[in-house]
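For reference, the structure discussed in these notes is given below.
The values are calculated or read from the model by the stated rules, or taken from the named source; none is laboratory data. This structure is a prediction, so every number in the text was calculated from the model and none was measured. Neighbour counts run over all protein chains shown; Cβ positions are idealised from the backbone, glycine included. Heavy atoms of the whole protein, side chains included, go into the accessibility calculation; ligands, DNA and RNA do not. Shrake-Rupley method; radii C 1.70, N 1.55, O 1.52, S 1.80 Å.
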Amino acid sequence: MIVQDMQNHVELSLHKSVQRMYLVASSIQTGTIHAMASSDSDLAIDVSNRDDEVDRLYLPIEKQLRIMLRSGQVIDSKKDMTPDISLDMTLAAQPIEKIAYHAKKIALSTISPNKQRPEDVVRMLNGAGQSASELMENSVDLLFSSDIGKANNSIYIKMKKKKKKALHAIYKILVTMDSMDAIDLQIVLDSIDRIGEYCANIAEIAINSTISKSV
């Protein structure tokens, strides 16, 4: 077992730190979808607690960027790390942290022994959540692969439109429901929408980073 000192910024690898953030945030998002689909309060509690780990991973990343800005030096265990890549990684870490927060928010809304949600709406919310997860996976994949072919692919725009269409269909159902039930589901809907927007932000950062490397 290898122990890494996260406070030692010479040992810290931005690539690995951001990748760990993504893996934890992705597990929270996936667990949240399953918890919501099965009304599993225990799972919801478990995945919501993982958000603290994402926060712990983000803090040294932000601190390392501040050190770089003050000193003008890139301090990273990865020897070919450059200032622009360091900035891109830190910019991508910010929306990943927010994705984890909103996934936690959805999970916490599931924790209620007496909460009965319409099955059709839950099914549609799960579908929208899965679309957001796919967008996140593809965006982070581009961030690490720097594949110019993927950067020029319109798949990110198509996936964002698919997610928006699904959310709009859910919203039309919510406006016909009892206000208290609708408010609860609207919170979930809003968080899924936010997750999708943050995923799109990662994709934009990744595309700009990939194109800049090819120039």
From Lys158, Lys165, Lys172, Lys150, which residue is among the basic types (Lys, Arg), modelled with pLDDT under 75 and open to solvent by 80 Å² or more (accessible area, probe 1.4 Å)? Lys158
So which residues in the stretch 75-122 are at pLDDT below 80, surrounded by fewer than 19 Cβ atoms within 10 Å (Cβ to Cβ) and of a type in the set (D, E, K, R), if there are any at all? Lys78, Lys79, Asp80, Lys115
In the stretch 1-29, which residues are open to solvent by less than 60 Å² (accessible area, probe 1.4 Å) and at pLDDT 85 or above? Ser17, Val18, Met21, Tyr22, Val24, Ala25, Ser26, Ser27, Ile28, Gln29
Output for the stretch 81-138, where each listed residue is part of a helix (DSSP H, G or I) and among the charged types (D, E, K, R): Asp84, Asp88, Glu97, Lys98, Lys104, Lys105, Glu119, Asp120, Arg123, Glu134, Glu137
Return only the number of the condition from (1) open to solvent by 30 Å² or more (accessible area, probe 1.4 Å); (2) under 21 Å from Ala93 (Cβ atoms); (3) at pLDDT below 85 that Ser209 does not satisfy. (1)
